[in-house]
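The values are calculated or read from the model by the stated rules, or taken from the named source; none is laboratory data. For clarity, every value in this text was computed on a predicted model and none was experimentally measured. A quick note on method: Cβ atoms are made from the backbone with ideal geometry, for glycine too, and the neighbour counts reach across all protein chains shown. Please note that ligands, DNA and RNA were not included when accessible areas were found on the heavy atoms of the full protein model with its side chains. Shrake-Rupley method; radii C 1.70, N 1.55, O 1.52, S 1.80 Å.
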Amino acid sequence: MVTQTADPSSTGNEEAKTAVDTEQTSAKKHKVRIRVRNILKSTKPSRPICEKQSDERNDASEASAEPSDMTTARENNVSETQNSNNTKTSSLFGGLRDKRQQKVVFSKFSQDPRKVIRVEVDEIPEPATDNDVIIKVTASTVSLFDCNVRKGVSYETVDLPVTPGADVVGNIIKRGKDVKSFQVGERVAGLVRFGGNARYINVSASDLVQVPRSCDASEAVCMVSTYMSAYQALRMVTDESFSLDGKSILITGGIEPVGQALVQLCVRAGASEVYATAPELRHKYVEGVLGVSPLPMDPESWSPTIKEKMHFIFDVNSQFPFTALREDGVLVSFGEAAVMNRDSPGFLGTPISAYWAKFVGAVHPNTKVYDIWDSFSRDKDAFNMDLEILFHLLKKRFIKPHIAKRISLSEVVESHVDLENEAPRGQIICLPWKRNASGGKSK
């Protein structure tokens with residue numbers, strides 16, 4: 001019998017690569033800790049975050065929606081003696097009565113979500129490539145971005161059918177053979193653009209970041225795009241100190257999830273005064289819960305009051321209120337994405353006003369433009385590092401997202417209706433394992 005032996009040179013190269021990867025990971029973690037420490041040092045103590053919560057969380061339903069810490073811990077104790085490619089993960093499925101995929105789907109574009117959105121049952125996917133993983137989703141977001149995709153309002157070509165949900169948190173249950181950075185059972189989060197409103201999703205391992213065990217899944221998923229947009233936009237006008245000490249801030253769209261995240265971060269960063277625009281019915285919420293000064297949505301009604309007083313404006317609604325900006329001030333525009341959340345589709349899908357917003361943001365000397373998709377695609381390593389920082393800040397309760405409600409897969413359609421007809425007081429979270437109010441699971 002012929003015995004095969006490993007190629008010494010190949011083994012040596014693999015060991016050297018592992019050593020380099022370990023060193024880079026350690027350096028990255030050290031850098032994250034330093035940035036978190038600098039942020040905590042530079043910010044001022046304040047009242048506990050979100051003493052009053054808009055969260056409609058029901059403890060009983062939440063308990064049935066997500067795996068408990070003990071369940072998750074058991075999932076993490078997957079034996080390494082399993083198949084080396086980790087494609088057989090029966091221990092992760094043990095105890096689950098329904099081992100099939102369930103996902104929200106629409107197969108054509110429509111202004112009316114009730115006409116096109118449905119929940120489909122399918123087989124649990126396998127990793128699409130050797131560098132992909134399959135995540136058992138514990139939480140995802142429902143947002144205006146999803147509504148825009150459903151309506152066909154998008155700059156990119158969208159292949160139908162589509163499962164909405166741009167942000168996910170969950171546990172890895174399978175991985176491709178080339179994935180070395182994560183283990184089966186590990187808890188991760190990522191920006192996925194599509195596919196989040198499902199029980200399982202295929203994601204490239206390079207798009208993922210580990211989530212601290214102590215972070216609530218519903219809160220953690222809010223970090224991925226909502227708090228990331230706010231944090232990176234704020235970093236565009238502050239230095240490494242992350243300080244807004246003595247600065248006056250205006251946030252248009254302060255009731256939007258990103259707007260609320262900006263309010264929270266600006267207060268934490270020591271801004272002397274923060275104004276946030278919101279519909280009149282939400283003014284008490286802005287003042288009482290968010291703790292800042294509310295302004296009407298129409299700039300004409302408040303422009304004279306704060307004319308040329310603002311150091312920084314975070315223009316979540318792309319209203320370009322330049323009259324409120326100081327001569328040396330900076331306006332951060334969220335550009336065409338914000339307009340697409342607000343205006344009706346144009347002849348080719350994208351509102352004409354979206355192109356105008358992009359143009360104004362590019363040419364005005366006191367304007368910077370932020371786009372999360374550009375940030376993600378331009379420097380994925382930097383994006384993932386910032387996401388790790390946000391998880392650390394969440395873990396330390398430096399930040400705490402406002403959650404409007406937690407819903408099941410079958411309730412996603414009505415959440416699209418809500419998002420397009422009112423201003424929910426926070427982020428809507430989809431829990432794909434959540435039981436419906438009637439007691440049954442999503443169908």
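Figures for the structure shown
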{"quantity": "Failed criterion for residue 385 (all others in (1) surrounded by 18 or more Cβ atoms within 10 Å (Cβ to Cβ); (2) modelled with pLDDT of 95 or more hold)", "calculated": "(1)"}
{"quantity": "Selection count, segment 284-293, where residues are within 17 Å of residue 316 (Cα to Cα) and in a helix (DSSP H, G or I)", "calculated": "2"}
{"quantity": "Failed condition for residue 229, given (1) in contact with a strand residue (DSSP E or B) (Cβ under 9 Å, 6 or more places away or on another chain); (2) outside any strand (DSSP E or B)", "calculated": "(1)"}
{"quantity": "Segment 266-290, residues that are farther than 19 Å from residue 219 by Cβ and open to solvent by 30 Å² or more (accessible area, probe 1.4 Å)", "calculated": "272, 273, 275, 279, 280, 281, 282, 283, 284, 287, 288"}
{"quantity": "Failed condition for residue 320, given (1) open to solvent by 30 Å² or more (accessible area, probe 1.4 Å); (2) closer than 30 Å to residue 396 by Cα; (3) among the aromatic types (Phe, Trp, Tyr)", "calculated": "(2)"}
{"quantity": "Segment 325-339, residues that are touching a Ser or Thr at 6+ places or on another chain (Cβ under 6 Å), at pLDDT 90 or above and of a type outside the set (Ser, Thr, Tyr)", "calculated": "331"}
{"quantity": "Subset of segment 236-248 that is closer than 15 Å to residue 39 by Cα and touching a residue at least 40 places away in the same chain (Cβ under 8 Å) - its residue that is surrounded by the most Cβ atoms within 10 Å (Cβ to Cβ)", "calculated": "244"}
{"quantity": "Any hit, segment 366-376, residues being out of contact with any strand residue (DSSP E or B) (no Cβ under 7 Å at 6 or more places or on another chain), without any contact (Cβ under 8 Å) to a residue 60 or more places away in the chain and open to solvent by less than 50 Å² (accessible area, probe 1.4 Å)", "calculated": "yes"}
{"quantity": "Qualifying residue in segment 249-265 (condition: open to solvent by 10 Å² or more (accessible area, probe 1.4 Å), part of a helix (DSSP H, G or I), among the small types (Gly, Ala, Ser) and at negative phi)", "calculated": "no"}
{"quantity": "Segment 205-226 - residue that is of a type in the set (S, T, N, Q) and in a helix (DSSP H, G or I) and, of those, surrounded by the fewest Cβ atoms within 10 Å (Cβ to Cβ)", "calculated": "206"}
{"quantity": "Strands (runs of 3 or more DSSP E) lying entirely in segment 93-204 (those with 3 or more residues that are within 21 Å of residue 407 (Cα to Cα) and open to solvent by 20 Å² or more (accessible area, probe 1.4 Å))", "calculated": "118-122"}
{"quantity": "Residues being more than 10 Å from residue 260 (Cβ to Cβ) and out of contact with any Pro (no Cβ under 6 Å at 6 or more places or on another chain) - total across segment 278-291", "calculated": "7"}
{"quantity": "Output for segment 309-323, where each listed residue is at pLDDT 95 or above and more than 19 Å from residue 235 (Cα to Cα)", "calculated": "309"}
{"quantity": "Qualifying residues in segment 298-317 (those that are of a type outside the set (S, T, N, Q) and closer than 13 Å to residue 259 by Cα) - the one most open to solvent (accessible area, probe 1.4 Å)", "calculated": "316"}
{"quantity": "Residues satisfying the stated conditions in segment 300-332, i.e. touching a Lys or Arg at 6+ places or on another chain (Cβ under 9 Å) and in a helix (DSSP H, G or I)", "calculated": "323, 324"}
